Amino acid sequence: MRLKHVHLCPNVVVSTLCYGTLTLGPWQKGLTPEEGGRLLRYAMEQGVTFFDTAELYQTYDHIRHALKGWDKEVVIATKSYAVDEKDARRSLEKARREMDRDVIDIFMLHEQESDATLRGHARALEFLSRAKQAGIIRAVGISTHFISGVRAATNHPQIDVIHPLINLTGLGIVDGSRDQMASAILDAAQADKGIFAMKALGGGSLFHRAEESLSYVRNLRGVHSVAVGMGCREDIDANVGFFADGYFPQGLEQLDRERRLVIEPWCDGCSCCIAACANGALSLDDSNMVVVDHSKCVLCSYCVPRCTYFNIKVV
C-alpha cells in the first residue's frame, strides 16, 4: 500500500496524507514524547512523509523522537504566532533546536485572518523570507480559518504555502461558506500556492461521516495534501488505506474507541457553546474558561459550530 506524493511547492514533495500532531500533545491525548514518537515513526514506516505541528502544540519532542535514526525524506511544517523579527527568530531557532532539524521545511504564521493581519506580521514575514533565502527554511506559509486569509495569502509574494480550514459542512469557517472557501482555495492553487487542508473531519465532529468527509476534501480541486490527526495505530492504518486506495481497509471503517469533547486552552469564555448544550455538560470555571462534565456529555457536537474560533473539538 503506497501513498501518493505530490509537489506542494517547487522544492517540497509531500505525501497526500499529512499527520496532524496536535492530537498527540498536552491539549488532546497527552502522549509522552516517546509514545507519540512511536506513533509518528509507525506512520513514516507506512509511507507518511508529511507532518504538521506548531510551537503551540508542544509536540516538537515527539517529532524529534520519531526522527532518531530515520534516514528517509520527511517534511515538517510548523507554525508560530510571531509578530516581529525577534519573535520569529526565537520561534525558528526553537523549532530547529527542539526537533533537531537544521532546516525547517515549512514555517508558517499561525491563524492569519486577512490582509490586515498579514500587514501586522510584516516584520516576521520579512525575516522568514530572508531565512528562506539563507536556506534555513524551504517554504513560508500561513494557516487560516478565514476565506479572507486565503485570499490575502494568494496575493502575497512571500507566501508559498497556505494551510486552510475546509470540510464537508463548512464547520469552523469564520467568514463565509464551504463553497466560498473552496473557491478561494482553487484560486490560490492556480496562483501556484501549495495547499494542505486542515479540519477535514471538523475537529472530530464529522467522524461519523469520515469516508464522505475525507473524500470531499481529498478530491477538492487545488488541495495537495490533507492534515488528519491520528492518535493510535488503527487511525494510521485506516487513513493510510483511505488515502492510498480511496476507501478504508475492511474492519477499519468505524474505529471502536472512546471519543471525548476537548476545550482548547485558548477558550475566551464567551459562553456561546454553553447555550447550545441541552445536557448541561458545559459550564464556566473560576478562570472564565469552559469546562466539560463528561458524565453528561453525549458527544452530539451541537456545541462545536457555536464556537466562533473553533476551540471545541471531539477527539
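The values are calculated or read from the model by the stated rules, or taken from the named source; none is laboratory data. Keep in mind the model is a prediction, meaning the values are calculated, not measured. For neighbour counting, all protein chains shown are included, and Cβ atoms are generated from backbone atoms with ideal geometry for every residue, glycine included.
Examine segment 161-169 for a residue that is touching a residue at least 24 places away in the same chain (Cβ under 8 Å), assigned to a strand (DSSP E or B) and among the β-branched types (Val, Ile, Thr), and state whether such a residue exists.
Yes, that holds for at least one residue.
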Worksheet item: Take the residues of segment 172-221 that are in a helix (DSSP H, G or I) and touching a residue at least 60 places away in the same chain (Cβ under 8 Å): which is surrounded by the most Cβ atoms within 10 Å (Cβ to Cβ)?
Response: 203
Discussion item. Tell me yes or no: at least one residue of segment 262-285 is closer than 21 Å to residue 214 by Cβ, β-branched (Val, Ile, Thr), touching a residue at least 40 places away in the same chain (Cβ under 8 Å) and in contact with a Ser or Thr (Cβ under 6 Å, 6 or more places away or on another chain).
Written reply: no
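Taking into account only those residues within segment 39-66 that are of a type in the set (Asp, Glu) and touching a residue at least 24 places away in the same chain (Cβ under 8 Å), which is surrounded by the most Cβ atoms within 10 Å (Cβ to Cβ)? Break it down into steps so the answer makes sense when it comes.
Of all residues in segment 39-66, those of a type in the set (Asp, Glu) come to 45, 52, 55, 61.
Within this subset, residues satisfying the condition of being touching a residue at least 24 places away in the same chain (Cβ under 8 Å) are 52, 55, 61.
Details: 52: 26, 55: 19, 61: 17.
This residue is 52.
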Worksheet item: In this structure, is residue 19 closer than 28 Å to residue 311 by Cβ and of a type in the set (Phe, Trp, Tyr)?
Response: yes
Fill in: Options 161, 150; residue that is among the β-branched types (Val, Ile, Thr) and touching a helix residue (DSSP H, G or I) at 6+ places or on another chain (Cβ under 8 Å)
150
Worksheet entry | Answer residue from segment 2-38, given it is within 18 Å of the chain's Cα centre (by Cα) and assigned to a loop (DSSP other than H, G, I, E, B) and is modelled with the lowest pLDDT among those | 27
Worksheet item: Could you list, in sequence order, the residues of segment 67-112 that are free of Cβ contacts under 8 Å to residues at least 24 places away in the same chain and among the small types (Gly, Ala, Ser)?
Response: 69
Discussion item. As an exercise: evaluate residue 202 against (1) of a type outside the set (Asp, Glu); (2) more than 18 Å from residue 307 (Cβ to Cβ); (3) touching a Gly at 6+ places or on another chain (Cβ under 7 Å) and give the number of the one condition it does not meet.
Written reply: (2)
Item to complete: Only residues that are surrounded by fewer than 21 Cβ atoms within 10 Å (Cβ to Cβ) and at pLDDT 95 or above: list them for segment 152-171, please.
Response: 154, 155, 156, 157, 158, 168
